[in-house]
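Below is one structure, written out as structure tokens, with a few remarks after it.
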Amino acid sequence: MPDFPEPGIQFRDITTLIGHGHGFASCVAHLAERTNEAGADVIAGMEARGFIFGAAVAAYMGKGFIPIRKPGKLPVQTIGVDYALEYGTDRLEIDPAAIRMGAKVIIIDDLIATGGTALASAELLRQAGAHVEHALFVIDLPDLGGANRLREDGLSVDALMDFEGD
């Protein structure tokens with residue numbers, strides 16, 4: 001989707017994947033296999049499309065799911081972090097009580113571009129006491145460098161597919 005949400009941004013839409021039952025189920029199964037290999041205790045996903053994939057993987061595996069939310073969406077005391085996006089800034093929040101101290105948490109999202117959202121998520125989870133070493137994505141846009149930023153932060157990064165170029 002060219003020029004969404006702002007001019008100059010090339011948005012990669014996964015709506016057709018989640019709308020295709022067999023394709024979506026296959027995607028979830030592949031993510032679950034890699035999550036199992038990472039030895040995760042619990043899955044975390046970022047609002048909004050990370051909820052779709054993260055919660056589906058958590059349910060598939062019988063594991064808990066931690067929602068990483070936009071500000072003001074949780075009805076409890078939260079911790080939060082501001083971060084830079086490809087097209088601006090934003091903030092993420094979590095309920096720190098939802099994290100068991102030392103739990104191995106894997107981050108799952110639909111796409112990694114610049115890595116800002118995933119880095120902020122890892123920071124929040126670590127502040128709450130989680131052990132975060134892995135991040136999984138359906139799509140990586142390697143030209144935007146996000147996966148490398150996560151690796152520099154000590155995260156193992158994996159994606160089911162890459163889309164090179166703009």
Item to complete: Filter the stretch 139-152 for residues that are over 13 Å from T117 (Cβ atoms) and open to solvent by 40 Å² or more (accessible area, probe 1.4 Å) and give the result.
Response: P142, D143, N148, R151, E152
Practice prompt. Go through F53, F24 for me and flag whichever is modelled with pLDDT of 95 or more and open to solvent by less than 30 Å² (accessible area, probe 1.4 Å).
Written response: F53
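Matching residues to (1) open to solvent by 60 Å² or more (accessible area, probe 1.4 Å); (2) assigned to a strand (DSSP E or B):
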| position | (1), (2) |
| --- | --- |
| D82 | yes, yes |
| A97 | yes, no |
| R100 | yes, no |
| L111 | no, yes |
| A120 | no, no |
| F137 | no, yes |
| L160 | no, yes |
Worksheet item: Which condition number in (1) modelled with pLDDT of 95 or more; (2) open to solvent by less than 60 Å² (accessible area, probe 1.4 Å); (3) under 14 Å from the mean Cα position of the chain (by Cα) is the one that F65 fails?
Response: (2)
Item to complete: Quick one: count up the residues across the stretch 110-133 that are over 17 Å from R151 (Cβ atoms) and among the polar types (S, T, N, Q).
Response: 1
Worksheet item: Any residue in the stretch 12-32 that is out of contact with any Asp or Glu (no Cβ under 8 Å at 6 or more places or on another chain) and within 20 Å of T114 (Cβ to Cβ)?
Response: yes
Fill in: Scope the stretch 35-48; condition surrounded by fewer than 18 Cβ atoms within 10 Å (Cβ to Cβ) and not acidic (D, E); matching residues
N36, A38, G39, A48
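The values are calculated or read from the model by the stated rules, or taken from the named source; none is laboratory data. Note that the coordinates shown come from a computational prediction; the quantities given were computed from them, not determined experimentally. Cβ sites come from the backbone with ideal geometry, for glycine too, and all protein chains shown count toward neighbours. Remember, those area values only see protein heavy atoms, side chains included, never the ligands or the DNA or RNA. Shrake-Rupley method; radii C 1.70, N 1.55, O 1.52, S 1.80 Å.
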